[in-house]
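Notes for the one structure printed next.
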Amino acid sequence: MARDILKTERLTLREITPADLPFLHRIFGDAECMRYYPGIKSFDETARWFQRLAFDSYTSHGFGLWAVTDRQSGTLLGDCGITLQETSAGLEPEIGYHLWREHWGKGYAIEAAAACRDHALHALGLARIVSIVRPDNIPSQRVAERVHRRRETFAKTGSPDGGIMEFYLYITDRT
């Protein structure tokens with residue numbers, strides 16, 4: 001049984017299970033959902049992604065990507081959680097989110113990401129939490145602007161050709 005991590009007004013964030021992978025691959029294998037990534041992922045690539053950023057991360061760090069489910073129906077909507085990502089300040093905890101496109105525009109990403117932010121700063125005692133967003137990813141910028149306090153720009157590897165590109169780094173520090 002997957003352990004519940006967080007509850008919000010409409011959502012439950014729980015540990016991902018192997019049974020969630022086929023649905024999550026719908027997101028990671030969909031060109032529209034992955035528009036701001038270098039490309040879509042095969043099922044095996046999706047499974048490796050969640051092995052590293054969910055299953056292994058739960059054990060190593062006590063956090064990772066979590067399944068986002070509708071609190072009333074239990075329907076899986078996507079994932080959201082905290083992973084360690086490289087930024088201009090080094091390896092930092094970052095909030096990431098991926099929802100199936102039927103669930104876009106309903107405020108779920110903001111609700112889940114804000115819950116992850118609060119969990120990181122208060123329950124986990126982290127000093128700082130960030131979100132990394134491509135400058136052309138306007139929908140994720142809108143989420144990050146609602147969740148974080150400030151924005152910086154930094155360069156990192158991430159363009160489709162493997163080159164350096166600028167990203168926005170949205171930041172919230174514990175006060």
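The values are calculated or read from the model by the stated rules, or taken from the named source; none is laboratory data. For clarity, every value in this text was computed on a predicted model and none was experimentally measured. When we count neighbours, we look across all protein chains shown, and the Cβ atoms used for this are built from the backbone with ideal geometry, even at glycine. Each accessible area value is taken on the protein alone, full model and side chains, heavy atoms only, with ligands, DNA and RNA left out. Shrake-Rupley method; radii C 1.70, N 1.55, O 1.52, S 1.80 Å.
Structure data summary
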read-out: Filtered residue count, the range 19-31, keeping only those that are open to solvent by 80 Å² or more (accessible area, probe 1.4 Å) and in contact (Cβ under 8 Å) with a residue 24 or more places away in the chain; value: 1
read-out: Elements of type strands (runs of 3 or more DSSP E) contained in the range 38-100, each with 3 or more residues being touching a residue at least 60 places away in the same chain (Cβ under 8 Å) and not hydroxyl-bearing (Ser, Thr, Tyr); value: 65-70, 76-87
read-out: Out of 84, 169, sole residue that is in contact with an Asp or Glu (Cβ under 8 Å, 6 or more places away or on another chain) and surrounded by 21 or more Cβ atoms within 10 Å (Cβ to Cβ); value: 169
read-out: Flag for residue 173 being touching a residue at least 12 places away in the same chain (Cβ under 8 Å) and either under 18 Å from residue 38 (Cβ atoms) or polar (S, T, N, Q) (or both); value: no
read-out: Residue 102 vs. criteria over 20 Å from residue 18 (Cα atoms), open to solvent by 20 Å² or more (accessible area, probe 1.4 Å) and over 14 Å from the mean Cα position of the chain (by Cα); value: yes
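Residues are listed down the side, and each one gets a yes or a no for (1) in a helix (DSSP H, G or I); (2) within 21 Å of residue 74 (Cβ to Cβ); (3) open to solvent by less than 20 Å² (accessible area, probe 1.4 Å); (4) not small (Gly, Ala, Ser):
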site	(1), (2), (3), (4)
106	no, yes, no, yes
111	yes, yes, no, yes
117	yes, no, no, yes
125	no, no, no, no
131	no, no, yes, no
135	no, no, no, yes
140	yes, no, no, no
